[in-house]
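Novice: Structure provided below as structure tokens; questions to follow.
The values are calculated or read from the model by the stated rules, or taken from the named source; none is laboratory data. Worth saying up front: this structure is predicted, and the values here are computed from it rather than measured. Cβ placement follows ideal geometry from the backbone for every residue including glycine, while neighbour counts extend to all protein chains displayed.
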Amino acid sequence: MPGYIFQTVTKSYVMAKMEVVKLLHDPTELVTRAVQPILWLGIFGEALSKVRAIPTGSYTYLQFITPGILTQSVVFVAIFYGLSVIWERDTGILQKILVTPTPRLALVWGKMISAGTRGLAQAVIVFVFAAILRIHLNLTLPSIPGVVLIIMLGASFFTGLSMIAASIVKTRERFMGIGQVITLPLFFASNAIYPIGIMPRWLQLVAKVNPLSYMVDGLRALIVSGDLSSLPFDILVLVIATSLISLLSAYMYPKVVM
């Protein structure tokens, strides 16, 4: 058992390193991904901050929405990792990987770590743009490890979810539609752009079982409110959800080639 765990962790690192190297050789994706959070903060956030129709307590709406936009950026990067799995299958790369002795869980973890790395790049973009807009965030050295942890866990969960979807739909065209169906409802049924308290009762129930809400809540506690009382619970929910989804993804992963 210890040998299997060591092999899984080692192979996960190798798989993640391969993905990061691909990103470094073609960083244009980071530039194109930067457009979305900039539009949300610069247009949507600025417009609604003037309306003041959404109660955000003692914080400005731009402060309130920044963790939500960061979460959205990370999720949109992670959810389309399933698309790369389908591409690898169509080109024959996946079949070659699956015949190696690499544990399936290592393949999944490698994708998750890679998605988390890209999510951290998105975080840098969001924080830089927030500074340009003069959005006051409590981003301190003690809070950075927590931000990194939550981004890695959130990206991992949605990467696993996307890989499960890829094992079911099989084709890139269908996956594109499924990706939108997964991300948009989860985003709007969360506390990313408005408080849970103003939602209808049924939507509040959905938001409370939505892992994206706990990702936003954790980031908001770290970089906006500074109230860390619910942070351990937020992280616990993300750890449990990510662990379960990684096991299910590893089980479904071989079915992608069928």
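Novice: Across the stretch 87-111, which residue is modelled with the lowest pLDDT among those that are over 19 Å from Thr171 (Cβ atoms), of a type in the set (Val, Ile, Thr) and part of a helix (DSSP H, G or I)?
Specialist: Ile97
Novice: Taking Pro232 as meeting all but one of (1) over 18 Å from Thr56 (Cα atoms); (2) in contact with a helix residue (DSSP H, G or I) (Cβ under 6 Å, 6 or more places away or on another chain), write down the number of the exception.
Specialist: (2)
Novice: State which residue pairs qualify: first residue touching a residue at least 24 places away in the same chain (Cβ under 8 Å) and part of a helix (DSSP H, G or I) and inside the stretch 142-155, second residue surrounded by 14 or more Cβ atoms within 10 Å (Cβ to Cβ) and among the hydroxyl-bearing types (Ser, Thr, Tyr) in any location, beta carbons under 6 Å apart, and separation of 6 or more residues or different chains.
Specialist: The qualifying pairs are Leu153/Thr242.
Novice: Does any residue of the stretch 173-187 turn out to be closer than 13 Å to Gly82 by Cα, among the charged types (D, E, K, R) and over 18 Å from the mean Cα position of the chain (by Cα)?
Specialist: Yes, because at least one residue in the stretch 173-187 is closer than 13 Å to Gly82 by Cα, among the charged types (D, E, K, R) and over 18 Å from the mean Cα position of the chain (by Cα).
Novice: Turning to a different aspect of this structure: Filter the stretch 197-249 for residues that are in a helix (DSSP H, G or I) and of a type in the set (D, E, K, R) and give the result.
Specialist: Across the stretch 197-249, the qualifying residues are Arg201, Lys208, Asp217, Arg220, Asp234.
Novice: Looking at Ile245, Ile196, which is the one that is closer than 20 Å to Gly154 by Cβ, in contact with a Lys or Arg (Cβ under 8 Å, 6 or more places away or on another chain) and either surrounded by fewer than 22 Cβ atoms within 10 Å (Cβ to Cβ) or not charged (D, E, K, R) (or both)?
Specialist: Details: Ile245 fails: in contact with a Lys or Arg (Cβ under 8 Å, 6 or more places away or on another chain).
Result: Ile196 is the single residue among Ile245, Ile196 that is closer than 20 Å to Gly154 by Cβ, in contact with a Lys or Arg (Cβ under 8 Å, 6 or more places away or on another chain) and either surrounded by fewer than 22 Cβ atoms within 10 Å (Cβ to Cβ) or not charged (D, E, K, R) (or both).
Yes/no matrix, rows are residues, columns are (1) under 18 Å from Ala165 (Cβ atoms); (2) exposed (fewer than 14 other Cβ atoms within 10 Å of the Cβ); (3) at pLDDT 85 or above:
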position: Val85; (1), (2), (3): yes, no, no
position: Gln122; (1), (2), (3): no, no, yes
position: Ile135; (1), (2), (3): no, no, yes
position: Thr140; (1), (2), (3): no, yes, yes
position: Ile150; (1), (2), (3): no, no, yes
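Novice: Further question: Run Val257 past the list (1) surrounded by fewer than 18 Cβ atoms within 10 Å (Cβ to Cβ); (2) within 23 Å of Ser49 (Cα to Cα); (3) at pLDDT below 90 and report the number of the one that doesn't hold.
Specialist: Failing condition for Val257: (2).
Novice: Tell me which of these Ser190 doesn't satisfy, since it passes every other one: (1) touching a residue at least 40 places away in the same chain (Cβ under 8 Å); (2) in a helix (DSSP H, G or I).
Specialist: (2)
Novice: Here's a follow-up. Before we move on, is Thr32 assigned to a loop (DSSP other than H, G, I, E, B), modelled with pLDDT under 75 and on the phi < 0 side of the Ramachandran plot?
Specialist: Criteria not met by Thr32.
Novice: Quick test of your reading of the structure: Pro67 fulfils all but one of (1) at pLDDT below 90; (2) part of a helix (DSSP H, G or I); (3) touching a helix residue (DSSP H, G or I) at 6+ places or on another chain (Cβ under 7 Å); (4) not small (Gly, Ala, Ser). Name the failing condition by number.
Specialist: Of everything listed in (1) at pLDDT below 90; (2) part of a helix (DSSP H, G or I); (3) touching a helix residue (DSSP H, G or I) at 6+ places or on another chain (Cβ under 7 Å); (4) not small (Gly, Ala, Ser), Pro67 misses just condition (1).
Novice: On the basis of being closer than 17 Å to Phe76 by Cα and outside any loop (DSSP other than H, G, I, E, B), does Ile164 make the cut?
Specialist: yes
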